[in-house]
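> Structure in structure tokens, see below.
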Amino acid sequence: MQGNSLKRAAFTATALALACAAQAQTPPTPPKPAVNSIMTTRVDSEIKIDPSGALVEYRSETPLPDDVRISLERQVRAWRFEPVLIDGKAVTAKARMRVTLAARQLGEERYAVTVDNVTFPATGYGVLPDAPPAAVTVSSRKILPPAYPQGLARARVGGVVLLYLRLSPEGRVLEATPVQTSLLNVYGSDKTLAQGVSALEQATARAARNWEFNVQLHTDHPSARDLTVSMPVEFQAPGMRETRPGQWRTEVRGTRREPAWLRGETGNQRIGVSDVDSGDVVPLASALKLTSEVQGVAL
């Protein structure tokens with residue numbers, strides 16, 4: 001793959017080290033997460049599967065270089081899905097699908113591109129005919145943005161924190177867990193980068209404890225998953241522009257951790273920080289499930 005479509009921006013390790021040192025007065029935190037430098041982009045599409053789970057329509061909505069677009073479409077058209085059941089009967093279903101791609105540099109102007117993850121961002125089960133409503137409907141009521149850690153802001157270090165919130169039926173935040181965090185367009189030592197990840201996660205978790213939501217229950221016995229909201233929180237550094245699907249970005253990505261209250265739950269989407277844009281609220285449950293193994297597949 002040619003490198004001209006993968007533009008890398010970077011800041012100095014010294015600037016990030018100074019920024020993280022400025023956070024030294026924050027309370028002690030758990031061990032710093034491991035970090036991994038990677039380039040990613042998101043590709044949005046609409047798909048249709050037949051009652052057997054075979055893909056019958058695929059329409060990409062994200063501009064891509066021809067070599068990537070052709071290779072991705074060839075892969076997607078071979079994927080298989082679990083049949084979607086309504087009242088025990090397999091049906092034809094349409095859905096929105098997001099494919100996250102990862103690129104790693106092999107040499108000058110050469111990159112290896114693989115499938116990083118696949119998610120289905122449509123809210124609830126509205127993509128299906130005659131489908132039951134979601135068990136819980138959630139909308140925001142009071143969301144105050146977290147304070148941008150001053151050292152990171154001065155060093156123009158931006159990032160995204162993917163937050164999972166466990167809500168009460170009244171809309172209060174009972175638990176707030178950063179699931180995964182990325183620093184954008186930055187480099188440095190693993191130790192220093194992990195400190196930057198932790199600084200953003202602390203700021204986000206503190207702010208989220210005071211957030212409030214409107215919660216409508218459509219079942220008498222909502223599960224922990226039903227009352228969990230996933231939200232990306234973006235820290236946009238001065239002078240930095242938000243990246244959209246189809247645009248590559250350099251991420252220093254922390255490890256992904258499943259919230260304790262969801263461990264043992266089956267059928268949840270595996271949503272990572274690279275899969276979401278600012279403002280996205282991706283449901284944990286999806287009526288569509290891939291049976292093909294796609295993570296790590298090369299284009």
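> Would you tally the residues in the stretch 207-235 being over 19 Å from the mean Cα position of the chain (by Cα) and open to solvent by less than 70 Å² (accessible area, probe 1.4 Å)? Walk me through how you get there before you give the answer.
Narrowing the stretch 207-235 to residues over 19 Å from the mean Cα position of the chain (by Cα): 207, 209-224.
The next check asks that each one be open to solvent by less than 70 Å² (accessible area, probe 1.4 Å); those that pass are 207, 211-215, 219, 222-224.
Residues that pass the stated criteria total 10.
> Taking Gln202 and the conditions (1) modelled with pLDDT of 90 or more; (2) open to solvent by less than 10 Å² (accessible area, probe 1.4 Å); (3) part of a helix (DSSP H, G or I), which numbered condition does it fall short on, given that it satisfies the others?
Exception for Gln202: condition (2).
> Can Ala224 be described as assigned to a loop (DSSP other than H, G, I, E, B), touching a helix residue (DSSP H, G or I) at 6+ places or on another chain (Cβ under 7 Å) and under 18 Å from Ser168 (Cα atoms)? Don't jump to the end; show me each part of the working.
Values: assigned to a loop (DSSP other than H, G, I, E, B): yes; touching a helix residue (DSSP H, G or I) at 6+ places or on another chain (Cβ under 7 Å): yes; under 18 Å from Ser168 (Cα atoms): yes.
Yes, satisfied.
> Something else now. When you scan the stretch 128-149, do you find a residue that is at pLDDT 90 or above, touching a Gly at 6+ places or on another chain (Cβ under 6 Å) and under 30 Å from Ile38 (Cβ atoms), even just one?
no
> Check off (1) at pLDDT 90 or above; (2) surrounded by fewer than 21 Cβ atoms within 10 Å (Cβ to Cβ) for Pro238 and give me the number that stays unchecked.
Tallying (1) at pLDDT 90 or above; (2) surrounded by fewer than 21 Cβ atoms within 10 Å (Cβ to Cβ), Pro238 fails exactly one: (1).
> Next question. For Pro283, state whether it is in contact (Cβ under 8 Å) with a residue 24 or more places away in the chain, out of contact with any strand residue (DSSP E or B) (no Cβ under 7 Å at 6 or more places or on another chain) and surrounded by 14 or more Cβ atoms within 10 Å (Cβ to Cβ). Walk me through how you get there before you give the answer.
On the way: in contact (Cβ under 8 Å) with a residue 24 or more places away in the chain: yes; out of contact with any strand residue (DSSP E or B) (no Cβ under 7 Å at 6 or more places or on another chain): yes; surrounded by 14 or more Cβ atoms within 10 Å (Cβ to Cβ): yes.
Taking the combined requirement at face value, the residue satisfies it.
> Now a separate question. Which of the residues spanning the stretch 250-281 are among the β-branched types (Val, Ile, Thr) and closer than 25 Å to Thr192 by Cα? First the steps, then the outcome.
Our first condition is that a residue be among the β-branched types (Val, Ile, Thr); within the stretch 250-281, this holds for 250, 252, 255, 266, 271, 273, 276, 281.
Of everything in the stretch 250-281, those that are among the β-branched types (Val, Ile, Thr) and closer than 25 Å to Thr192 by Cα turn out to be Thr250, Val252, Thr255, Val273, Val276.
> Related question: Pick from the stretch 138-157 the residues that are in a loop (DSSP other than H, G, I, E, B) and more than 25 Å from Gly188 (Cβ to Cβ): which of them is least open to solvent (accessible area, probe 1.4 Å)? Walk me through how you get there before you give the answer.
Of the stretch 138-157, the ones in a loop (DSSP other than H, G, I, E, B) are 143-149, 155-157.
The next check asks that each one be more than 25 Å from Gly188 (Cβ to Cβ); those that pass are 143-145.
Working: Ile143: 63, Leu144: 112, Pro145: 108 Å².
Looking at residues that are in a loop (DSSP other than H, G, I, E, B) and more than 25 Å from Gly188 (Cβ to Cβ), I get Ile143.
> Another question, then. So which residues in the stretch 174-185 are of a type in the set (A, V, I, L, M) and in contact with a helix residue (DSSP H, G or I) (Cβ under 6 Å, 6 or more places away or on another chain)? Step through it out loud before you land on a result.
Filtering the stretch 174-185 for residues of a type in the set (A, V, I, L, M) gives 174, 176, 179, 183-184.
Matches in the stretch 174-185: Ala176, Leu183.
> Which of the residues belonging to the stretch 117-127 are open to solvent by less than 60 Å² (accessible area, probe 1.4 Å) and either under 19 Å from Val229 (Cα atoms) or at pLDDT 80 or above (or both)?
Initial filter on the stretch 117-127 (open to solvent by less than 60 Å² (accessible area, probe 1.4 Å)): 117-122, 124, 127.
Passing the criteria: Asn117, Val118, Thr119, Phe120, Pro121, Ala122, Gly124.
> Restricting to the stretch 94-116, give me the number of residues that are touching an Asp or Glu at 6+ places or on another chain (Cβ under 9 Å) and open to solvent by less than 10 Å² (accessible area, probe 1.4 Å).
Number of matching residues: 6.
> A follow-up question, please. Could you tell me whether Lys32 is of a type outside the set (Ser, Thr, Tyr), touching a helix residue (DSSP H, G or I) at 6+ places or on another chain (Cβ under 6 Å) and either assigned to a strand (DSSP E or B) or modelled with pLDDT under 95 (or both)? Quick ask: steps written out before the conclusion?
Details: of a type outside the set (Ser, Thr, Tyr): yes; touching a helix residue (DSSP H, G or I) at 6+ places or on another chain (Cβ under 6 Å): yes; either assigned to a strand (DSSP E or B) or modelled with pLDDT under 95 (or both): yes.
It is true that Lys32 is of a type outside the set (Ser, Thr, Tyr), touching a helix residue (DSSP H, G or I) at 6+ places or on another chain (Cβ under 6 Å) and either assigned to a strand (DSSP E or B) or modelled with pLDDT under 95 (or both).
> Could you list all residues from the stretch 166-192 that are open to solvent by less than 10 Å² (accessible area, probe 1.4 Å) and either in contact (Cβ under 8 Å) with a residue 60 or more places away in the chain or in a helix (DSSP H, G or I) (or both)?
Leu167, Val179, Thr181, Ser182, Leu183, Val186, listed by residue number.
> Go over the candidates Arg249, Arg270 one by one and state the one that is out of contact with any Asp or Glu (no Cβ under 8 Å at 6 or more places or on another chain), surrounded by 15 or more Cβ atoms within 10 Å (Cβ to Cβ) and of a type in the set (Lys, Arg).
Numbers: Arg270 fails: surrounded by 15 or more Cβ atoms within 10 Å (Cβ to Cβ).
Arg249 is the lone residue from the list that is out of contact with any Asp or Glu (no Cβ under 8 Å at 6 or more places or on another chain), surrounded by 15 or more Cβ atoms within 10 Å (Cβ to Cβ) and of a type in the set (Lys, Arg).
The values are calculated or read from the model by the stated rules, or taken from the named source; none is laboratory data. None of the values given here were measured: they were computed from a predicted structure. As a convention, Cβ positions derive from the backbone with ideal geometry for all residues, glycine included, and neighbour counts pool all protein chains shown. To get the accessible areas, we keep the full protein, side chains included, count just its heavy atoms, and leave off ligands, DNA and RNA. Shrake-Rupley method; radii C 1.70, N 1.55, O 1.52, S 1.80 Å.
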